[in-house]
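K.L.:
If you scroll down you'll find the structure; I have some questions about it.
What follows is calculated from the coordinates using simple rules that are stated; it is not laboratory data. Every value quoted in this text rests on a predicted model; they were computed, and no experiment measured them. Cβ atoms come from the backbone with ideal geometry, glycine included; neighbour counts cover every protein chain shown.
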Amino acid sequence: MAFLDCDICKIHHDYLAQENWEIGRNELWILRHHPDPSPLLGWLILDAVRHIGGPVEFNQKEASDWGLSVKRASCLVRELTGCDRIYSIAFGEGAKHLHLHLIPRFEGDFATKAWALADHYRNVCNGTSNSIDPKEVAKIVGNARNLWK
């Protein structure tokens, strides 16, 4: 059931969000690209379908499947971007619905290094740094959908 005050639940039921950024879903998880403004190409987000705050609230099925799903989604980030590492971050304060950010890290790109990433994210959100062109995001989402099947 969608929670009216949860931004993640709203995204899960938003047709345009599904068309633009969703890569795939099953009964437990939804994988999507970071929405506009996107700070990095290939920045994926793995959401719990169920409205839960984090792993402490997993049922048995979610607990059993989580690691495999995170690995599969992380491998997809690497395949799509050729990145050197993948950061996995879930704070849950902006939206108290489990959504794991899978962020490509490139050794040669300072903007993706550790906490510089947070500065880059803020700069994209406030418009002082460029976001990724939505056409580029659409291409990578299409590629991701084909690979995710």
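K.L.:
If you place +1 on the Cβ of every Lys and Arg, -1 on the Cβ of every Asp and Glu, and leave all else neutral, what size is the dipole of the chain about its Cα centre, to the nearest 20 Debye? Provide the component values of the computation, followed by the final result.
P.N.:
Numbers: 17 positive and 19 negative charges, 72 e Å.
Taking the Cα centre of the chain as origin, the dipole is about 340 debye.
K.L.:
Helix 134-148 versus the longest principal axis of the chain: what angle, 0 to 90°, nearest 10, using Cα atoms?
P.N.:
With rounding to tens, the tilt is 50 degrees.
K.L.:
Need the list of lysines near LYS139 for cross-linking: C-alpha distance under 20 angstrom, and skip anything on the same chain fewer than eight residues off.
P.N.:
LYS149
K.L.:
Can you tally the net charge around CYS9? Count Lys and Arg as +1, Asp and Glu as -1, for every other residue whose Cβ sits under 15 Å from the Cβ of CYS9. Before the final figure, lay out the partial values.
P.N.:
Numbers: positive: LYS10, ARG25, ARG32, ARG50, LYS96; negative: ASP5, ASP7, ASP14, GLU22, ASP47, GLU57.
That works out to -1.
K.L.:
May I pose another question? Which residues does the label zone of SER88 cover in region 14-54, counting backbone N under 20 Å from a point 7 Å along Cα→Cβ?
P.N.:
23-34, 42-54
K.L.:
List the lysines whose alpha-carbon lies under 22 Å from that of LYS10, not counting same-chain residues fewer than 8 positions away?
P.N.:
Output for LYS10: LYS96.
K.L.:
Within the set of other residues whose C-beta is less than 15 Å from the C-beta of ASP65, count the net charge using Lys and Arg as +1 and Asp and Glu as -1.
P.N.:
Result for the local shell: +1.
K.L.:
Roughly how many Å is it from the Cα centre of region 12-34 to that of region 97-140, as a whole number?
P.N.:
19
K.L.:
Grab the other residues whose beta carbon is less than 15 angstrom from that of TRP21, score K and R as +1, D and E as -1, and report the net. Provide the component values of the computation, followed by the final result.
P.N.:
Values: positive: LYS10, ARG25, ARG32, LYS135, LYS139, ARG145; negative: ASP7, ASP14, GLU19, GLU22, ASP36, ASP47, ASP133, GLU136.
Net local charge, TRP21 excluded: -2.
K.L.:
How far is helix 116-126 tilted off the main Cα axis of the chain, in degrees rounded to 10, range 0 to 90?
P.N.:
Its long axis makes an angle of about 90 degrees.
K.L.:
Can you find, among VAL56, ASN20, CYS9, the residue sitting farthest towards the positive end of the charge dipole of region 8-64, where Lys and Arg contribute +1 and Asp and Glu -1 at Cβ?
P.N.:
Value computed over the given set: VAL56.
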